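The values are calculated or read from the model by the stated rules, or taken from the named source; none is laboratory data. Bear in mind that the values here come from a model prediction, so they are computed numbers and not experimental data. Cβ coordinates were reconstructed from backbone atoms using ideal geometry, including for glycine residues, and neighbour counts include every protein chain displayed.
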Amino acid sequence: MSRKKILHIGDPLLRAVSHPVKKFDLRLAMIVRDMGETMYGADGIGLAAPQIGLMRRLIVIDLYDEEGLRVFVNPDIIKAEGEVSLTEGCLSVPGRRGCVTRPELVTVRYQDIKGNVHELSAEGLLARALQHEIDHLNGVLYVDLMDYEVFEEEEEEEEEEALPQASEA
Ligand SMILES: [Zn+2]
């Protein structure tokens, strides 16, 4: 197992479009393990493969709930509804946070680590994390979409609306 270096904003790989995963083999399992370790090591709730320089359509999310590590291979948003503004952070944009307006509910079609196809409807933090991570696969960062930058003081005042502190993805 090894923890990988997380690329930061300014790195051109974060702006590239990732390629679909085609092989569901042992190497994929090893990449997922490394991504999990890298995400946990950085106290994140999500990580996309391009954030460690791997241009593959692969994301991991852990909301520290009973689900544990969630893996989404070749994820696509097939349905989006509603609208909600929430504070986001990103492991590739250290030290900054911003308010981003996105759909409130999403349905995602994805493959698991064995290549089986699933659909998942999500709301709340999971819906937000999925959209944030899938954006990474298309070279999009939350700072491209944010309504405004959120600073520490402001965030404390709006604490009830803000996501948990460890919400960097
Ligand atoms: Zn991110």
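From the list Ile59, Ile134, Ile78, the lone residue that is assigned to a strand (DSSP E or B), at pLDDT 95 or above and within 16 Å of the ligand (Cβ to nearest atom) is Ile59. Under the condition of being part of a loop (DSSP other than H, G, I, E, B), among the polar types (S, T, N, Q) and within 17 Å of the chain's Cα centre (by Cα), the residues counted in the range 1-43 number 1. All conditions but one from (1) among the acidic types (Asp, Glu); (2) part of a strand (DSSP E or B); (3) out of contact with any His (no Cβ under 7 Å at 6 or more places or on another chain) apply to Glu88; the one that does not is (3).
Considering the range 110-131, the residues that are crowded, with 16+ Cβ neighbours inside 10 Å and more than 16 Å from the ligand (Cβ to nearest atom) include one that is farthest from Leu28 (Cα to Cα), namely Ala122. So which residues in the range 43-69 are among the small types (Gly, Ala, Ser) and closer than 13 Å to Glu133 by Cα? Gly44, Gly46, Ala48, Ala49 - these are the residues of the range 43-69 that are among the small types (Gly, Ala, Ser) and closer than 13 Å to Glu133 by Cα.
Give the residue that is nearest to Ser18 (Cα to Cα), with candidates limited to residues of the range 61-76 that are in contact with a strand residue (DSSP E or B) (Cβ under 6 Å, 6 or more places away or on another chain) and surrounded by 16 or more Cβ atoms within 10 Å (Cβ to Cβ). Top of the filtered list is Asn74. The set of residues from the range 16-73 being without any contact (Cβ under 8 Å) to a residue 60 or more places away in the chain and among the small types (Gly, Ala, Ser) comprises Gly36, Gly41, Gly53, Gly68. Considering Val93, Val100, the condition of being farther than 14 Å from Asp76 by Cα, in a loop (DSSP other than H, G, I, E, B) and of a type in the set (Val, Ile, Thr) is satisfied by Val93 alone. Would a scan of the range 19-26 turn up a residue that is within 14 Å of the ligand (Cβ to nearest atom) and in contact with a helix residue (DSSP H, G or I) (Cβ under 9 Å, 6 or more places away or on another chain)? No, there is no match, as no residue in the range 19-26 is within 14 Å of the ligand (Cβ to nearest atom) and in contact with a helix residue (DSSP H, G or I) (Cβ under 9 Å, 6 or more places away or on another chain). When Arg109 is tested against the conditions (1) farther than 20 Å from Tyr64 by Cα; (2) in contact (Cβ under 8 Å) with a residue 40 or more places away in the chain, the lone failure is (2).
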